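Read the figures in this text as sums done on the coordinates, not as results from a lab. Predicted model only: the values in this text are computed from it and were never measured. Cβ: placed from backbone, ideal geometry, glycine included. Neighbour counts: every protein chain shown.
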Amino acid sequence: MLVWITTENASAARSGINLIYPDWSYMFIKYYAPPVSSDYAIVSAGKRGKGTDFYLDLINDMVNTYETGDECTCINAETVNIGYGLINTSGRHWSTICDTSGVTTAIVLGVDGLWAGIRPRKCTYTFYVSQ
């Protein structure tokens, strides 16, 4: 189990808890979001929000800059560098989740339609702006 707590949110990841699909893992992120909003989206591979067009080139640039290797390994440092690259270049608060198998599904608060489940290179990512 992985738990990450800051002054603004709490995150936890857990694997081996699904008895039917034991290789599935789960991530939960708690942050202060409105209880009702039209910005909530279900993000899965191949889906993207209406506001992502302008940012697709930026996402591709960051992934091509920081993702290394001939196969997807979701190295933490690479994922963090991609995320900070997006934040620093766009001035928006992007969350970046890497997925080696391409099966991640997330319910997110994707402000301004800024969310995507895409595979720019070897890995599949969930990207979203929540504030």
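Summary table
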read-out	value
Residue 29-residue 53 FRET efficiency (beta carbon distance; Förster radius 25 Å; 0.05 resolution)	0.50
Dimensionless Rg ratio for the chain, taking C-alpha atoms and the 2.2 N^0.38 Å reference	1.03
Gain in span if fully extended, residue 122 to residue 74, counting 0.36 nm per residue against the direct Cα distance	16.3 nm
Loop GluC sites (Glu not before Pro), segment 17-103 (other Cβ atoms within 10 Å of the site Cβ: 10 or fewer; DSSP)	71
Per-residue HN-Hα couplings for segment 93-101 [Karplus 6.51, -1.76, 1.60; θ = phi - 60°; Hz; x = Gly/Pro]	8, 7, 9, 10, 10, 9, 9, 6, 9
GNM top mover of 85, 102, 16 - the chain, alpha-carbon springs below 10 Å	16
Relative contact order (%) - the chain, alpha-carbon pairs under 8 angstrom, separation at least six	27 percent
